Amino acid sequence: MLSITGKSKPLCDGYTRREMLQVGALGLGGLTLPNLLRAEQQAGITNSKKAVIMIYMCGAPPHQDMYDLKMDAPSEIRGEFTPIPTNVSGIEICEHMPRMASIMDKCVPLRSVYGSPSGAHDSFICYTGRTTQNQPAGGWPAMGSVASNILGPKNAAVPAFIGLAPDAGHPPYGSPGHPGFLGVGHAAFRPSGPAQKDMVLNDISVDRLGNRKNLLRGFDQLRRDVDANGTLEGMDTLNAQAFDILTSSRLAEALDVSKEPQHIRDRYGKGSDKRFGDGAPMNLEHFLMARRLVEAGARVVTLNFGRWDFHSNNFSGLKSGHLPYFDQGLSALIEDLHNRGLGDDVSVIAWGEFGRTPRINKDAGRDHWPAVGGGLLAGGGIRGGQVIGATDRLGAEIAERPVHFSEVLAGLYRNLGIDPEVAALKDLSGRPQYLLEKTTPMPELV
């Protein structure tokens, strides 16, 4: 922590000048939110209704056991599950997702997603559309950070980018997406951590806080040139964000799912708030929370769900928890968005970092398969009731219409009001960088 030293006389609040000039201002009077925001984030069109909810399925789900079942393949590839018809003629999905089958007219299964080169577990490609290789200084920013930078918050009391991502045993499984070269001021706000209980003023009046804000603004001017890479600017942004959060109940209320009617809460369900292995919880209330957050003004909400890395007991693991919970939460979210008139405004994407091996291994599991994976899109005004892409008879290789991660994100950017074919951001060296590797949105979705 940086502080300005020298003789210190007590100020009117009883604090010394040395204490007042410490980096981490607004930590006075027990206000710890800015420090929590910094700690969490460094470790890792106003009035528009447009938003994105991204469900990151930690560890990579099996495409051939969800949206692309291969019933004509040999048993060691086909697996235990059978397909069921959906409400769209000709589209079938796994028997353990009956609720999703009933709303397939609002959805688009993706059967030919590619782009992960190594098969290493990392949420990075889902959030950025890029690999971790050959990054500019500071790293590529996640979609939420880009939206925060280009569009800013819709409402001062609600961060543009929110990550419902509790810490995980494998850190990439707990990542909401990193800000990269955009700096900590555009990192995700993570209310699942210790910041949630500090989003209130307690016994400190708004007027008193306002006076301190003015004083601290003057102190901050002394430190402008300390950090050349933009970290202090990010901290200043976080101080402003914390002030707005603390003086408004908007965000805290959005996070409080108990305010929902009981029948809505029952439709989403609870799931489990316990971490699954080294992955994320299967907390179904996070799906409801995500909907409440975009209604309150968040532009991008990421949601980390489960642990799909079934190298053993793939089928028992899927049918005993992951698929039923996923089916309930995702279908409830999509239905709810449409029922509330947000179906054309809020885009939903659910996917993982790659697919799973066609051949079932000796432990009844499927291993990593970066050649092809899958996902599901809904909302945002897309043309639902279609399937994009196809794999060969064994689900091993792409047979038609390869879909790169960045093509999907290009469409999501477009729905937010950001043109990915034009928009560019300056990295830490001042060099402009396009948002994505492939900047043209998928034409099939229009």
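The values are calculated or read from the model by the stated rules, or taken from the named source; none is laboratory data. Remember, it's a predicted structure, so these values are computed and weren't measured experimentally. So basically every Cβ, Gly included, is an ideal-geometry build from the backbone, and we count neighbours across all protein chains shown.
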Examine the stretch 356-375 for a residue that is surrounded by fewer than 23 Cβ atoms within 10 Å (Cβ to Cβ) and in a strand (DSSP E or B), and state whether such a residue exists.
yes
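Would you call Gly169 in contact with a strand residue (DSSP E or B) (Cβ under 8 Å, 6 or more places away or on another chain) and at pLDDT 95 or above? Give the derivation first.
Working: in contact with a strand residue (DSSP E or B) (Cβ under 8 Å, 6 or more places away or on another chain): yes; at pLDDT 95 or above: no.
No; evaluated as a whole, the condition is false for this residue.
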Does at least one position in the stretch 40-60 carry a residue that is at pLDDT 95 or above, part of a loop (DSSP other than H, G, I, E, B) and more than 30 Å from Ile418 (Cα to Cα)?
no
Please specify each residue of the stretch 126-163 satisfying the condition of being out of contact with any Leu (no Cβ under 8 Å at 6 or more places or on another chain), buried (at least 17 other Cβ atoms within 10 Å of the Cβ) and in a loop (DSSP other than H, G, I, E, B).
Thr131, Gly139, Trp140, Ala142, Pro153, Lys154
Quick check, is Ile125 touching an Asp or Glu at 6+ places or on another chain (Cβ under 6 Å) and of a type in the set (Val, Ile, Thr)?
yes
Tally up the residues in the stretch 223-267 that are farther than 25 Å from Ser331 by Cα, at pLDDT 75 or above and of a type in the set (Ser, Thr, Tyr), please.
2
What is the number of the single condition among (1) at pLDDT 95 or above; (2) more than 20 Å from Asp105 (Cβ to Cβ) that Lys438 does not meet?
(1)
Close pairs from the stretch 128-151: first under 12 Å from Leu428 (Cα atoms), partner of a type in the set (Lys, Arg) and part of a loop (DSSP other than H, G, I, E, B), Cβ under 7 Å, at least 6 apart:
Trp140/Arg130
Hey, any hits in the stretch 392-413 for a residue that's part of a helix (DSSP H, G or I), buried (at least 22 other Cβ atoms within 10 Å of the Cβ) and charged (D, E, K, R)?
yes
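Quickly run through the stretch 376-391 and pick out the residues that are assigned to a strand (DSSP E or B) and crowded, with 16+ Cβ neighbours inside 10 Å.
Keep residues of the stretch 376-391 that are assigned to a strand (DSSP E or B), which gives 376-379, 388, 390-391.
Selection gives Leu376, Leu377, Ala378, Gly379, Ile388, Thr391.
Being among the basic types (Lys, Arg), crowded, with 24+ Cβ neighbours inside 10 Å and either closer than 22 Å to Phe161 by Cα or over 16 Å from the mean Cα position of the chain (by Cα) (or both) narrows it down to one of Arg299, Arg292, Arg340, so name that one. Quick ask: steps written out before the conclusion?
Numbers: Arg292 fails: crowded, with 24+ Cβ neighbours inside 10 Å; Arg340 fails: crowded, with 24+ Cβ neighbours inside 10 Å.
Selected residue: Arg299, the only one of Arg299, Arg292, Arg340 that is among the basic types (Lys, Arg), crowded, with 24+ Cβ neighbours inside 10 Å and either closer than 22 Å to Phe161 by Cα or over 16 Å from the mean Cα position of the chain (by Cα) (or both).
Being closer than 21 Å to Ala137 by Cβ and not hydroxyl-bearing (Ser, Thr, Tyr) is the filter here, so list the residues in the stretch 172-187 that pass it.
Here is the first cut: in the stretch 172-187, the ones closer than 21 Å to Ala137 by Cβ are 172, 175, 177-187.
Scanning the stretch 172-187 gives Pro172, Gly177, His178, Pro179, Gly180, Phe181, Leu182, Gly183, Val184, Gly185, His186, Ala187.
Within the stretch 61-98, work out how many residues are of a type in the set (A, V, I, L, M) and more than 19 Å from Ile388 (Cβ to Cβ).
Within the stretch 61-98, the first condition is being of a type in the set (A, V, I, L, M), and the residues that meet it are 66, 69, 71, 73, 77, 84, 88, 91, 93, 97.
Filter once more, keeping what is more than 19 Å from Ile388 (Cβ to Cβ): 71, 73, 77, 84.
Qualifying residue count for the region: 4.
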Can you find even one residue in the stretch 290-304 that is under 19 Å from Gln64 (Cβ atoms) and part of a helix (DSSP H, G or I)?
no
When the residues of the stretch 320-355 are filtered to those that are among the aliphatic types (A, V, I, L, M) and in a helix (DSSP H, G or I), which remaining residue is farthest from Arg265 (Cα to Cα)?
Leu323
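Can you name the residue in the stretch 254-275 that is of a type in the set (Gly, Ala, Ser) and in a strand (DSSP E or B) and, of all such residues, is surrounded by the fewest Cβ atoms within 10 Å (Cβ to Cβ)? So that I can check it myself, show each step before the final result.
Quick first cut of the stretch 254-275, residues of a type in the set (Gly, Ala, Ser) only: 254, 258, 269, 271-272.
Those left that are additionally in a strand (DSSP E or B): 271-272.
Details: Gly271: 21, Ser272: 13.
If we take residues in the stretch 254-275 being of a type in the set (Gly, Ala, Ser) and in a strand (DSSP E or B), then Ser272 is surrounded by the fewest Cβ atoms within 10 Å (Cβ to Cβ).
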